[in-house]
Amino acid sequence: PWQPRRPSGGEDGGNRSPWGRNWSDRQPGRSSGGFGDRPRGPEGQGGGGQPGPGMRWDPTDPAQRRARYALLGGMWAFFFALFSWTYLALLLGALALYWSISALRAKPRGQDPDTPAPERQKGRPQTTAAVSGLVTASLALVLVAGSFTARLVFSDYYECTSDALTQQARQSCGEHLPEFWRGLLDEES
């Protein structure tokens, strides 16, 4: 019957591989935790679930989470506003504005009295992300408001161009625009 190969040095492992049971010297050994557990490092390296003094971002802090959401939401709102996806830009811009304002108004998180204070804690870590989210969300909302205003003010022109069946009819829609805009439209075509 089939049997697994035995090392030539016997059961004591005389001629074993220099790496032990691993296939490679870079392969980690077995960990003591279960599957999916975070590795536990020494204090201060952030492995224990609590942020150490070296960590800049604490994912358990709601103000810092809102600041990051504001930054991402504001960026995407600005891009969607540039590419004329106005409704999505309006939604993301409004959310990013809310998140950034609430992150800026949040009080600093209370320290645990048992843990020593961090060596250097200058300002709040969420301020830069929250201000960047506020600026990009404001720009996106300005672009969306400009787009809606142009649609409202020049509604006759937009309606005429959407109803035009030929290129000549579309060019005649310029009479619905003010004189200044007619000159710009003629230069473009």
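The values are calculated or read from the model by the stated rules, or taken from the named source; none is laboratory data. It should be emphasised that the depicted structure is a prediction, and the values quoted were computed from it without experimental measurement. Methodologically, a virtual Cβ is constructed for each residue, glycine included, from the backbone with ideal geometry; neighbour enumeration extends over all protein chains shown.
At-a-glance table
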read-out	value
Segment 135-144, subset within 14 Å of F80 (Cβ to Cβ) and among the small types (G, A, S), residue surrounded by the fewest Cβ atoms within 10 Å (Cβ to Cβ)	A140
Extreme residue, nearest to W85 (Cα to Cα), among residues of segment 148-169 that are surrounded by fewer than 12 Cβ atoms within 10 Å (Cβ to Cβ) and not hydrophobic (A, V, I, L, M, F, W, C)	T149
Residue count for segment 173-188, restricted to those that are modelled with pLDDT of 75 or more, touching a helix residue (DSSP H, G or I) at 6+ places or on another chain (Cβ under 9 Å) and exposed (fewer than 12 other Cβ atoms within 10 Å of the Cβ)	1
